[in-house]
Each structure stands twice: as structure tokens, then as C-alpha cells.
1. Just for strands (runs of 3 or more DSSP E) wholly inside region 77-134: which have at least 2 residues that are open to solvent by less than 20 Å² (accessible area, probe 1.4 Å)?
2. Please pick out the residue among 71, 86, 61, 100 that is of a type in the set (A, V, I, L, M, F, W, C), modelled with pLDDT of 95 or more and closer than 26 Å to residue 212 by Cα.
Amino acid sequence: MALLQISEPGMSAEPHKHRLAAGIDLGTTNSLVATVRNGIAVCLPDEEGRTMLPSVVRYRADGGVEVGQGAARAHATDPKNTIISAKRFMGRGLKDVAHAESMPYDFTDTEGMVRLRTVQGVKSPVEISAEILRALAARATASLGGELTGVVITVPAYFDDAQRQATKDAATLAGLNVLRLLNEPTAAAVAYGLDNASEGVYAIYDLGGGTFDLSILKLSRAAC
């Protein structure tokens, strides 16, 4: 049930010392958390059997925070406090946000990353994304029956250093140890075993909820 098992060199990990990790797809529209069971990667469901978590966070006037389906339902009635697709703002300034003037949010153009004013104060995309990661980590902990040693988070191949660092910061804020950030097309290649295929050039399409990307991977066998 563990995606990652850690032991000292030359020693096997005892059952009670197994370390648990999970893979997280922090998506623009929806997010997922997965682990490996019996050699097969499986997405972990919530208590209602749903694997996809809408990447939506709502800050309520009573101090509560909603993540996922409940938050998404409130977007029509409380748009300023219900943030959809915060991933688009990660590591970006206001000038980098396309069509910001048509969005319902109250942006604050501060130095560095853009921030959004909510009923609970000014929130950064890092803080908003941390809420999503925290919800997914809680799901994984409940499903796996133990605390996570760390997580692998997939990011778009086009993410620059600022966006990658913002993703790491969100995970840290959520109390997670980031084992690795993995490019989404690389994750797709690994999932389908292309890393063990013959040499060649492969096209990988990432038809996401918010973006559509094409990556070209050139695979070659390493010299022994």
C-alpha cells in the first residue's frame, strides 16, 4: 500500500516501520491524490467515493474554509471569496495574469506574487493551494492509515522556477515534505513505461482542465 518504502542499506523495512508517500496532481480545475497498491497506481477517493477534488477554495465569513465540491457550489453566490484555479496565479504578478479585469476577484498588486482580498483577509495563491494540498493529504492519511513521509507533486513542464518554488512553498505550508516535483509529461511517460521503451522520440499530450500542452521526449538507453 506504500508508494515509498524506506529502509537502511542492507536492511529490510519492518512492517511497522513502513513509510508512506503519495503522488499529487495539483490541477488547475481538479486535483487528485494517488498511491500504489499491488504494483498498480490508484487514485484515492473521499468518503463519498469521489476521486477528483475540484481545485476550489472558499473562505467563509465565519472563519471556516471549504475545499472542493462544497466550495464550487458557492462560487455563483460568493465569487469574491471562492477562488477557482489558483494554480494560474502561482508565482505570477498581476501583470502576468491574463484577463484579470474580467475576473470576480479583488486582486492586490503587491511586490512579487499577486494576492487576493477575501473576507478572511489577503490570501496568496500559495496559501490557497496549501488548502487543496492539505485536503488531499488528509484523504491519503485516512486511506493509508498513517502519516505521509512525503509527496511527489506533478507540475506543468512550462512552470518556471518561481512557479515551482511556489508549489513547494504551498506543500510546506500544508505540512508536507516534497520528495520531488515531477513534470506532468514525464509522469505520463513513466506511468506508461516509456522510460523502458526503445530509443525514440515520443509526443505526449496533456489535455488538462485548464491547459492543453504538448511535450516532446527523446528517450535513449543509458550507457552501461
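1. 82-84, 115-118
2. 71
The values are calculated or read from the model by the stated rules, or taken from the named source; none is laboratory data. Please read all numbers here as calculations on a predicted model, not as lab measurements. Heavy atoms of the whole protein, side chains included, go into the accessibility calculation; ligands, DNA and RNA do not. Shrake-Rupley method; radii C 1.70, N 1.55, O 1.52, S 1.80 Å.
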